[in-house]
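The values are calculated or read from the model by the stated rules, or taken from the named source; none is laboratory data. Keep in mind that what you see is a predicted model, and the values were worked out from it rather than measured. Counting neighbours? That spans all protein chains shown, and the Cβs are built from the backbone with ideal geometry, glycine included. The area values use the complete protein model at the heavy-atom level, side chains included, leaving out ligands, DNA and RNA. Shrake-Rupley method; radii C 1.70, N 1.55, O 1.52, S 1.80 Å.
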Amino acid sequence: MQLVVARIGRAHGIKGEVTVEVRTDEPELRLGPGAVLATEPASTGPLTIETGRVHSGRLLLRFEGVRDRTAAEALRNTLLIADVDPAELPEDPEEFYDHQLMDLDVVLADGTEIGRITEITHLPSQDLFIVERPDGTEVMIPFVEEIVSEIDLEEQRAVITPPPGLIDESQAIVVSTRDEEEAAAESGAGPSEEGSTEPGKDV
């Protein structure tokens, strides 16, 4: 089975290094020197990692045969894909591969059905579950411990404890213009320049 483990970003320096957006919990295993990775688009690869290092919090890679900035920049936005045994599990029991999480049922602690995970989006700050609800709409669930309380692979479900407004926007805490003006009057300040705030979610 193939899994996307990184996306190549901009060139770094003039000797062929590139920044990468890591999409695996095991970069030392998947993105170490000597690793041979397929690519999307396929015409760009396969690519063999020659060196890797961390600079200013970002992983930098150099690939065999890529020796200058022009060649490195040509790889920008390429996805790096590793072959993974479907039976293989992460060493950390609290970590999961994307294919383990796909199609899990998402439920509340009381068993209320929310939907099914159809996609996992990897952002720099966190991962997101894209959950399709029974009515066909989608909701985004941050994959963080405060919200996703349990992943049960045997039962094929993810248990969540969402904050108000995450699942049902009608439960979002709304700050009204009147509330804002009263608060400003109590503090001796005038109303804000915009005069109102948009409805927000208490997340």
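Summary of values
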{"item": "Residue in region 54-61 that is of a type in the set (K, R) and modelled with pLDDT of 90 or more present", "result": "no"}
{"item": "Failed criterion for E28 (all others in (1) more than 25 Å from T161 (Cβ to Cβ); (2) among the acidic types (D, E); (3) within 17 Å of the chain's Cα centre (by Cα) hold)", "result": "(3)"}
{"item": "Condition check for D168: surrounded by 12 or more Cβ atoms within 10 Å (Cβ to Cβ) and either modelled with pLDDT of 60 or more or within 25 Å of the chain's Cα centre (by Cα) (or both)", "result": "no"}
{"item": "Region 155-165, residues that are open to solvent by 70 Å² or more (accessible area, probe 1.4 Å) and in a loop (DSSP other than H, G, I, E, B)", "result": "E155, Q156"}
{"item": "Single unsatisfied condition, S43 versus (1) in a helix (DSSP H, G or I); (2) touching a residue at least 12 places away in the same chain (Cβ under 8 Å)", "result": "(2)"}
{"item": "Hits in region 112-154 (condition: out of contact with any strand residue (DSSP E or B) (no Cβ under 6 Å at 6 or more places or on another chain), among the polar types (S, T, N, Q) and open to solvent by less than 90 Å² (accessible area, probe 1.4 Å))", "result": "T112, T137"}
{"item": "Count of region 1-39 residues which are outside any loop (DSSP other than H, G, I, E, B) and charged (D, E, K, R)", "result": "6"}
{"item": "Any chance E17 is modelled with pLDDT of 90 or more, within 25 Å of the chain's Cα centre (by Cα), open to solvent by less than 30 Å² (accessible area, probe 1.4 Å) and of a type in the set (D, E)", "result": "yes"}
{"item": "Conditions (1) modelled with pLDDT of 90 or more; (2) more than 14 Å from V5 (Cα to Cα): number failed by V36", "result": "(2)"}
{"item": "Test: residue in region 61-73 that is within 22 Å of the chain's Cα centre (by Cα) and either farther than 19 Å from G13 by Cα or part of a strand (DSSP E or B) (or both)", "result": "yes"}
{"item": "When residues of region 82-109 are limited to those that are surrounded by 14 or more Cβ atoms within 10 Å (Cβ to Cβ) and touching a His at 6+ places or on another chain (Cβ under 9 Å), the one modelled with the highest pLDDT", "result": "D98"}
